[in-house]
Structure formats: structure tokens, C-alpha cells
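The block underneath contains the structure these notes are about, expressed in C-alpha cells.
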Amino acid sequence: MIRSIPAAIACVVLLAVAVARAGDTVPRMLSVDYASIVSRGDLHYDKPAERSEAGMPIGNGRMGTLVWTTPAALRMQINRVDVFSIDSATHSFPRPHTDYASGCGYVDVQFDDDVFGASEFKQDLSIYDGLMSVRGGGVSVRVLAVNDGDVIAIEIDDQRPQLRPINIDLRMLRSGQQYIRGTPNDFVRQHASVVQTNAHTATSKMGIRDGRIVLTQDFREADFHDGSAVVIGVVGREGKASYYNESTVRLAAAAGKGNFTVLIASAASFDAKEDVAAMAVKQLDGVADFEQLLARNQKWWHDFWSKSFIRLHSDDGDADYVAANYAYFLYVMASSSRGGDYPARFGGMIWYSNGDMRAWGSQYWWANQSCYYNGLAPTNHFELMDPLLAMYFKMHDACGTAAKQQWGSSGIWIPETTFFNGPDKLSDDLAAEMQDLYLLRKPWKDRSEKFIDYAQTVQSFNSRWNWISQSGKWELGRWIAEDKGAPPFGHVTHIFGTTAKIAKLYWQRYEYTQDVAWLRDRAYPMLKGAVEFYRNFPNLKKEADGKYHINHTNSNEPAWGVRDSDEDMSAMRGVVGPCIRASEILGVDESMRSTWQEFLQNLAPIPTSDLPDAMKPQNYDGPAIWVKGLYPAAKEAAGGPDSNTSPEFDFELCTLESSDEKMRAIANATFDRAFHDNAIGPETHVATLSRLPIAAAMLGRADAVRYLLPSQLRADDAARNSAPGVMRNRMSLREGPGATDCQRLGRVAEALHFALLHSSAAAPGGEPVIRIAPALPKQWDADFTLLARGNFLVTASIEKGLIRGVEIESQSGGECRIRNPWIDKPLALYVNGQKIREVSDALLKIPTSKGDVLKLRPGSARLVQKKAA
């Protein structure tokens, strides 16, 4: 029987709050050695990186680089999250994989001596301090990214017996001399280079300002403009600036023994009137010496790490391996996604090292992007999510226009693949034809010449045009696009669940922070936009069975044009409840709540293998499992849900809190079927993007979690397309050349959070309930502090399968709902250090005020502080 804390106990709790406030000194359950725990994620190289993509990452969330070496040089490519060469209005890059973003310039620190080819070479990255160091051949270098300014600082300590100048070269990413009518006829004399691609120009220009070297970039097409600048100066050594060649400007630091500092600043702006070089120069004003920068950075990073942590250990080392990768993942995110309005893109992030070369261009793919962001909330680091949420909210209006123009619906439609500024506005006649074609109201063969001609100039990776194949052809000097065989469908043309998945993150941020202003200003417009898009979508109708069915949509990338796709049926269930709840909290749209409730209650079921017309596996006769959709289909993909998206789990429709036993049986059967009912063990393969480890954790399947998490970290599909597999910097090139990624680290982090701490509700929008270590393998010991819904900061310690104790800090107040970690056995409840009493209820509902600290102990166990290291 599930019971809440008795009213009498609740009164005692409130009395304890009045007697002993959390502001008083309350000894904490764990004494945490953050440095020891975090440093297990450090990188250590005893030989140079074998390729640039294996360099060590340094960044401040907006600006970053990999750092690698060649025998005589330290090398970087400066990248920024807010540098884009094109936007959604482009018609200059119709060929796939040709557009680019982020890159600002190459930086080479040349030592004129093979200092990094020596046997004593060492390169290390301290993620606890945010500091990279490399040494060899009489030279020691330390590198950091300044957190309170867009500057990378390099300290060089030259102790070579034979002193030589050290040259810092700033190089263009692209250079070439093209005649462009109406422009100056000698770019070389201006130290500039212009590369024109159809209507697009990319101008790179070198300069020297007050002894500092400068490289600017200017990107233009029609009304679009973006510009960037990199400025480099030296401190502590005399420097001489010069133009080294047509694409390189050099700053020569005079020969001398001892330390000096190289400062690399960057800036970017969409305003064509802005002097971006001056913006970058300003970043260098008042920059302190390296030791002061390091001290400030260390303070920032140490504060960052203190907001949450996970320590794991197992005798076989797998748990330790998972924890090291987890810490490293948080370092990568803090270095590439913080403090700006744009997130790092999934492939490449801000770790590009090959100039403009990259697979998949410059757009954002949500299935990939989600790997990094879906699981961040429990880390208590919303600053890492903010750039993503800022970008998608900025495109809200564009997505509203697209919903109306392209689909004849209301609300917003966020494409699965999109440019940073969202879908481009179409002409009325083109939009009307597209709507008729894409909703299957007009035969494809009857499309107009205008539509055909327009489609030859667009980006085929964009969801709107993704019926176009990558494999076009040249005819008489013109690129001819070809379709994928089932137009208007393509891999991502008719994916609608993305809108709901992104809207869910805005709601999630509210659930975890209880920030009502955020709910009102950001989350609710996104939730309502997602719900209203679905509710008004022309191919969603209430049919004779009284249920709402949706036709001609995709189940992620594999299945096209299906009926009642699992993606859409899950997405609608995932956002309608939160939208209603948000409306209640804010006291708005009361008249819509009954409409939304009726819609939710009468949705057709998520498709299962036992339904007529189910797209089930061939000859399948096992228990009911979820499937991608129902026939008819433009392109079938029989089988269970796409494991890369697993929408039923993405929206937390089935967790340990779910009361629907039938759904839980389907969920477990679907999970088993994903592994073809084979036993899960050390050799079980898990793909990079797979959400199956997350599903295992959500279902409480600790034995599966034990093997799936380390397996995903070692994912062998990271070596596809002749890529090198997982590199020494824990990144891979799974997505192709130039598209450095660590997607699998984000997936494992999300799964690990669910294994350690559930705070799901019985259904989306419901009241969350905390569970401690519901899917932690019994072979793994753990200490952690993570954030739960309700803004409860939860600390727990587990040893040899036993939960030693739980501590909960209420950061917003409100009722804390938690399952008894000792399952109906007595527990001792303390509030602000005062023991309330012992209880054995299965479900505790504890009233709290902001700042209260709750402690739960098994039986009559004493409060004894433990060291976590």
C-alpha cells in the first residue's frame, strides 16, 4: 500500500523547520574531494596526437579549439559557436557537405626546432582546472580559455640552451584569388582573399593593429551577413608583426629564456557595420598575467564542479571507466556550450581542425543534437542548456510561419534539421504548392516548373527539402538534384516529433528549477506551439473509432509516410499534459484546457505489433511490442522503434512510476526485442546514438545498465566510414570528416542519471517522485549529488548494493515526494539536523521550505559523515 507521510509527522516537520533553519550549520552527509573525483577524467598523452582531431579541447563555451602538435609547432584552429557562413535563405550551396560554420582561423606557434618530437613529450589536460599543458625539448606550454572573456591564453616557458625566436602564425582558413567584377583588382596588396560560391562571398583579411596581428572574416549572401575576428598579441616578450605570405600574418616573439604569454582573442557579429576586429581587441584590454588568469579560471572551474558530481567504482573497473567519461563529458559541454545564444553543433562542436571541411554542413540535426542536451538537467548546470534553448526560442516566430505556410497548421513546427535561424519564409505561391504536395493533396508529377527550378538551388539536408538525394549529378555545368525515390518524403521531411521533443526541454527546465518566469516567458509558448501544431495539423483527424489518427508522417528517419507513427503518438502524449499543467500554474488559457484534455484522452494508441496493419518484424509472433507505425507507408521499416530515438522513453511515457502495467509489459518486451531476446553481457553491441541504455535505466534494469553503458562508450560504430574509432581524446569521427563528436558520452550520461536518480511522474505533467539508485548495478558503488525535479538537490551514497543514506536540499521549497529507499523498512527522517521520527511508509511526502535539508537513514543508523573521493 502506498502511503504518504502522516499529517502528524508533517506537523512535526514544519515545527522542526521553525526550530532549526537550514541557514544554521548542518553537517553534510558527504565530504567530497571534487579534485580527486573529477581528475579521473583527465587526458594524458605520452606521444603527440596522431591527427588534429585527436587534440585536447580548450574552450570557454563560446570560443574554443583542439590543441595538437607537430614536431616543431603547437597548433590550433580557433572556432566560435556564433560564426555562420550562411543562413536559411541561402541558394549558393545546393551540393551536400559544402557549407560550413564556426571556423575563424588557424594559429600555429612555431618553435623552429623539433621540441615536440622528443622522447620526453608529455601533453596533459586537467579538466578540474580547465588547463592544458604540453612539454618537450626544453619548452613547456600551458593553455587555458578565459571564462570571463573570449580569450585563449598560452604561456610559453622556453628553457632551451640555444635561444630562438618563436613565431605565432595566424592563417586564413580559405584563400584564393578570384576575379569578381566590381571589386578591387588586387586583393593581395590588401592582404585579403575572397572566395565566391554562386551568390555567396567569404572574405578573409589580415591586418596589424598596435603590434597585434588580426584576421577578419566577412560572409555575405543577399541580406545575410556574419563576421568574425581573431586578434593575437604577446605579453612579457617583445613582438614584431609582419605579413608572412598571402594567407599568413606573423607575430615574432624575440628570443629569450623564461616565460611569456600569447593572448588570442576572438569576436563575431551579424551587424555588418560592427568593427569585429575592434571587438576582439577590446577583449584583450586589461587582461591579467597568466597566473592571475589561471587563478580566476580555477575558481570558476572549481565552483562549476561543486554543483554536482558522480563517483563510481566497481572491481572490474567498468564503473570507474563510466565515471571518468562522465566527468570528461561535462568538461566538454562546459567548454563548448555556455554563455552564448547558440549551441555547439553536434558534428564538430567547436573542435573543428580541418578548416571548412566537414560532413553534414552547418545545420543542426535534432536526433544528434539531443545526445548532448537531453540529459543535462540533473547536472544542475542549466547554463550548459541555455545556448540551445536560446537558439530555438529565437526561431520561434520563423517556426510559426513555417507551420502555417508549409503545413497549413497553427502553433510552431521546428524542423528536425534546421539552420540556426529556423526555416526561411517562402513566397505565397511556392508555400501553397509545397503545402499541397507535402500533404499529398497534389500529385508529385504535377508540380510546377517554378517549384522544380527552386528545388535545384536549396540545401537538401534541410528538412523542408530532404526528399532531395545527396547523390545528384552534373549536367552541362549545372548541379542536378535527384529525389530519394518516394517524394515528397525523405529521411527528415515529415518528422514532427522534434517540435515536441524540444518543447519538452523548456518544460523540463521549469520542472527542475521551479522558475515561473521561465515557464511563462519561454516554456509555455513552446509547449502551446507544439500542441497546437499537432491539434490543427490537416492530416490529423478524429475518425470513426472516436480516436485521433495522424497520417503520412515519418517515424524518425527509417519509416516514411506511415500512419500513427510511434514518434507522433508519443510526442503528443509527451507535451499535451505539460501544456495543460503549465496553463494551470500560470492561470492562462483556461478555456483551452478541456479541449486539450479531450484531445489527449482520445489519441489513438501508440502502435504495437498486435494491431492490424502494424509494421512489425517479419514473422514476429511474440508479445506485443511498440512498432514504428501502421501501414500504408511510403517507405516501410518494419520492426520496433528506432533505437536512436525511442520516443516512448524520450517522453518518459513508461518509467518505474508508470501505473499502466500493460504499457510496462510492452516497454520491457520492446526492450528485449531490440536485442533479439539475447542475454545482455560484456560483448553486447550498443551503437553511438542508441537510447537503449537510457531505456534500461528508466525500466530499472540494473543488470542491463551494467553492460550497456561501458559498451556504448566503446561503441565500435564510431569507426564507420573509415573513421579511426574512439580517439585518445574520447571523441570520434563517426559522422564523417571534420565532424568530431562525443555523442555517445551524452547518451551514457543521460542513462547514468536515470540509473542513479529517478524523478519522473506517472505521466508527463504529473507530480514527480524521487527514487534513489533504481537501476544502479549491485556491483557498482556510487556517491553522487544530482538535481531532481522540484529543484531538490539529492545526495546519496551506495555501497555493495546498499543505500547508505540520502540527503535532500530543497532549493525552492514545496513538497518532496520520495520512494522509501529501503522499501517499507523503517527509516529515520531528519530535517535541518533534527531527527523527526522513524517511518516505514512506501511513499514519503515531506513539506519543505526553501533551504531545508532533509536526511534519510536506514533504521536507527547514526548520522556519520563519509568522505567521497
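The values are calculated or read from the model by the stated rules, or taken from the named source; none is laboratory data. Keep in mind that what you see is a predicted model, and the values were worked out from it rather than measured. So basically every Cβ, Gly included, is an ideal-geometry build from the backbone, and we count neighbours across all protein chains shown. All accessible areas refer to the heavy atoms of the entire protein, side chains included, with ligands and DNA or RNA removed. Shrake-Rupley method; radii C 1.70, N 1.55, O 1.52, S 1.80 Å.
Which of rounded, prolate or oblate describes the stretch 539-671 when judged by the alpha-carbon gyration tensor and an a/c cut-off of 1.5?
It is prolate, given that a/c is not under 1.5 and a/b is the larger ratio.
Under 27 Å from the Cα of K825, which lysines turn up, not counting those fewer than eight places away in the same chain?
K778, K800, K835, K845, K855, K866, K867
Please report the net charge: other residues with Cβ closer than 12 Å to the Cβ of N147, K and R +1, D and E -1.
Around N147, the charge tally is -1.
If I compute solvent accessible area with a 1.4 Å probe over the protein chains, what percent of it on the stretch 523-664 is carbon and sulfur?
The C+S portion of the solvent-accessible surface of the stretch 523-664 is 46 percent.
For the chain, what does the helix formula give at 222 nm: sum of -39500 (n - 2.57) over DSSP H segments with n ≥ 4, over the residue count, nearest 500 deg cm²/dmol?
-8000 deg cm²/dmol
Tell me, what % of the accessible area of the stretch 776-869 is carbon and sulfur with a 1.4 angstrom probe?
Ligands and nucleic acids excluded, carbon and sulfur reach 48 percent.
Just the Kirkwood number for the stretch 29-135, please: inverse of mean 1/r across all distinct Cα pairs, in Å, one decimal.
Roughly 16.4 Å, rounded to one decimal.
When ligands, DNA and RNA are left out and all protein chains stay put, how many square angstrom of accessible area per residue does the chain have with a 1.4 Å probe?
Result: 36 Å² of accessible area for each residue.
Quick one: order M76, M357 from most to least accessible surface, probe 1.4 Å.
M357, M76
About its Cα centre, how strong a charge dipole does the chain have in debye, to the nearest 20, once Lys and Arg get +1 and Asp and Glu get -1 at the Cβ?
In total the dipole reaches around 1080 debye.
Give a residue-ordered list of calculated ³J(HN,Hα) values for the stretch 777-782 (Karplus: 6.51 cos²θ - 1.76 cosθ + 1.60, θ = phi - 60°; whole Hz; x for Gly, Pro).
Each residue of the stretch 777-782 in turn: x, 5, 7, 9, 8, 8 Hz.
I'd like to know which of A634, V492, G59 lies farthest towards the positive end of the charge dipole of the chain, counting +1 on Cβ of Lys and Arg and -1 on Cβ of Asp and Glu.
Farthest towards the positive pole: G59.
In nanometres, what is the gap between the two model label sites at A624 and A762, each 7 Å from Cα along Cα-to-Cβ?
It works out to 1.9 nm between the two label points.
Considering only DSSP states other than H, G, I, E and B, which trypsin sites (Lys or Arg not before Pro) in the stretch 809-869 qualify as loop sites with at most 13 other Cβ atoms within 10 Å?
Passing sites in the stretch 809-869 are K850, R862.
Which is the longest run of the chain containing none of the GluC sites (Glu not before Pro) found in DSSP loop states (not H, G, I, E, B) with at most 14 other C-beta atoms within 10 Å?
Answer - 239-481.
Exactly which trypsin sites (Lys or Arg not before Pro) in the stretch 751-810 are in a DSSP loop and have at most 12 other Cβ atoms within 10 Å?
Of the trypsin sites (Lys or Arg not before Pro), the ones in loops of the stretch 751-810 whose Cβ has at most 12 other Cβ atoms within 10 Å are K800.
May I ask you to give the percent of accessible area on the stretch 289-416 that is carbon plus sulfur, with a probe radius of 1.4 Å?
Looking at the stretch 289-416 in its full context, I get 52 percent from C and S.
What size of dipole, in debye to the nearest 20, comes out for the stretch 532-638 about its Cα centre when the only charges are +1 on Lys and Arg C-beta atoms and -1 on Asp and Glu C-beta atoms?
Computed charge dipole of the stretch 532-638: roughly 80 debye.
Taking only the alpha-carbon positions of the stretch 137-279 and ignoring solvent, what does the Debye formula give for the base-10 log of I(q)/I(0) at q = 0.16, 0.20, 0.21 Å⁻¹?
-0.89, -1.19, -1.27
Need one number for the chain: average projected area of the convex hull over its C-alpha atoms, nm².
38.1
Loop only by DSSP, 16 or fewer other Cβ within 10 Å of the Cβ. Give me the trypsin sites (Lys or Arg not before Pro) in the stretch 392-500 that pass, ordered by residue number.
Answer in residue order: K425, R441.
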